[in-house]
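Working notes for the structure below.
The values are calculated or read from the model by the stated rules, or taken from the named source; none is laboratory data. Computed from a predicted model, the values in this text were never measured in an experiment. Neighbour counts are summed over all protein chains in view; Cβ atoms, including those assigned to glycine, are modelled from backbone coordinates with ideal geometry. Note: areas computed on protein heavy atoms with side chains; ligands, DNA, RNA excluded. Shrake-Rupley method; radii C 1.70, N 1.55, O 1.52, S 1.80 Å.
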There are 2 protein chains.
Amino acid sequence: MKLSLIFVEVLSAAEENYLKAILKLELEHKVSVPTGALAHAFGIQAPSVTDMVKKLALKKLLKYEKSKGVRLTDKGKKLAIAIIRKHRIWETFLVQTLEFGWEEVHELAEQLEHVHSEKLIDKLEAFLGFPRFDPHGDPIPDKKGTIVSAKAIVLGAAKVGGNYKVIGISDDSTELLHYLNKLHVKLGTKLLLQSREAFDGSLVIKIGSRGTESISAIVANSLLVVED
Amino acid sequence: MKLSLIFVEVLSAAEENYLKAILKLELEHKVSVPTGALAHAFGIQAPSVTDMVKKLALKKLLKYEKSKGVRLTDKGKKLAIAIIRKHRIWETFLVQTLEFGWEEVHELAEQLEHVHSEKLIDKLEAFLGFPRFDPHGDPIPDKKGTIVSAKAIVLGAAKVGGNYKVIGISDDSTELLHYLNKLHVKLGTKLLLQSREAFDGSLVIKIGSRGTESISAIVANSLLVVED
DNA sequence: CCATTTTTTTAGGCGTGTCTAATTTTTTTA
DNA sequence: TAAAAAAATTAGACACGCCTAAAAAAATGG
């Protein structure tokens, strides 16, 4: 006989993926998500989605009205955010600690995010120094589920006169890393965008408390920054 | 239509667990493994095992003769060892890097070992400095599948006059860690066991190139060592 | 506003990995 | 060595998460 005094709902990887996908679609379209959109997102057939959303509705993770799409409940949204949090922390770990390329970590994080252990995620987060953005520039929800809405942008798209902080580098060639090293640009470095050359998109930036430097558009577009 | 030019067999977590359990039982009993033993190991019913071993036999991962138990094929053994390798590297990571207690990592590693990425394991291994034993003192198979057979022993069970290397601490109380710190004993420290007091099992050891110290049997039994 | 198209649901099926009940095979022992 | 006990297998079932085919509902537009 199995007893569990503290009832922790354990979801399957498939269920977790539905919650995550629904949250993303809700955020993009700000309305209830049609089942067809989910079928398309997963590359599966629509009837499979109908079955699953019924099951998730029974678990009170979402509201489902026939032919009217689905909306996450608070409970469902909380779980979805927790999964996104796991995903982004794992991605950060893979890139920052194990030196994976930022383009190759998504698939791996898709697997790792389904490991059930909140303690593991919290410890990883602390080990990584409580990063606020993942290597793609997406914000990492905190333990309470708070997400800052601003996605990081590439410096190339930043506005002249703004103060920014480097939170990621979206190209991991060693050449670029060496170059940035020479400029004393690394994660956390603060930058002031002083001007942009209309002709080639090159930028003049002030790097931390150091002097100003000119960087090409190519470099500017591989630096992820947030307003600071 | 799906094409895969390089055919990589992807096993389910359940299949991987069978392989791992069979290898362990083979090593313990050096004979073919009866289906009942597997049922007992997993806490499931015997007919479930019969079904699964038939499937694994079809995949050429083991030899199955009705009512005569199973034996891994070379292919099956290779995969089983790879899974054990993953498990032990993850355990080492959890204890060494994330500072989990050694008793709490097994269950987590059971999940992490089923993440499919050889590259991830190789990178983790390198990050950890190619550890040769996990936190429980079990040897970590190398990338080729070679396992040293000697499990690490506790220093309390080592023989007088032997040279040993500390590869783990099987008790993670901060008190013990502080004490060991004071003695300058850490992972990798070399010890010479000079004598054992019959009365209370306390030991006199020479620590690295430092002087000799006397340690209690309690401490000796929480130090995992291998002959060096 | 009614017909056509598109979307969604219902119905029924399948492989995985488990189960129980019943049967068969193997082992033990009297 | 034959009967009893133990171990293993077969047979049939079920939840999960997907499928296809067909029906129903919603959206579109002439």
Legend entry - helices (runs of 4 or more DSSP H) enclosed by the stretch A:111-222 - at least 2 residues per element that are out of contact with any strand residue (DSSP E or B) (no Cβ under 6 Å at 6 or more places or on another chain), open to solvent by 40 Å² or more (accessible area, probe 1.4 Å) and not assigned by TED's automatic domain parsing to the domain that holds A:L27: A:118-127, A:174-182
Legend entry - Residues within the stretch A:103-120 that are over 15 Å from the mean Cα position of the chain (by Cα) and either under 13 Å from A:T92 (Cα atoms) or small (G, A, S) (or both), tallied: 1
Legend entry - Residues that are of a type outside the set (A, V, I, L, M, F, W, C) and more than 9 Å from DNA strand D (Cβ to nearest atom), drawn from the stretch A:45-64: A:K54, A:K59, A:K60, A:K63, A:Y64
Inset, instruction - State yes or no: is A:L27 more than 15 Å from DNA strand C (Cβ to nearest atom), touching a Gly at 6+ places or on another chain (Cβ under 8 Å) and within 17 Å of A:I81 (Cα to Cα)? - result: no
Legend entry - B:T92 at negative phi, assigned to a helix (DSSP H, G or I) and away from chain A (no Cβ under 12 Å): yes
Inset, instruction - Just one of (1) under 26 Å from A:L112 (Cα atoms); (2) over 14 Å from the mean Cα position of the chain (by Cα) trips up B:Q45, so point out which. - result: (1)
Legend entry - Filtered residues of the stretch A:48-82 (kept if open to solvent by 90 Å² or more (accessible area, probe 1.4 Å) and near DNA strand C (Cβ under 8 Å from one of its atoms)): A:D51, A:K54, A:E65, A:K66, A:S67, A:K68
Legend entry - Qualifying positions in the stretch B:95-110 - within 13 Å of A:S117 (Cβ to Cβ) and either assigned to a loop (DSSP other than H, G, I, E, B) or in contact (Cβ under 8 Å) with a residue 12 or more places away in the chain (or both): B:L98, B:F100, B:V105, B:H106, B:L108, B:A109, B:E110
Legend entry - Tally of residues being in contact with a Ser or Thr (Cβ under 9 Å, 6 or more places away or on another chain), modelled with pLDDT of 95 or more and either more than 16 Å from DNA strand D (Cβ to nearest atom) or of a type outside the set (A, V, I, L, M) (or both) across the stretch A:66-100: 3
Inset, instruction - Return the pairs, sorted by first residue and then second, in which the second residue is open to solvent by 80 Å² or more (accessible area, probe 1.4 Å) and basic (K, R), the first residue lies in the stretch B:199-228 and is at pLDDT 95 or above, the beta carbons are less than 6 Å apart, and the residues are 6+ apart or on different chains. - result: B:L203/B:R196
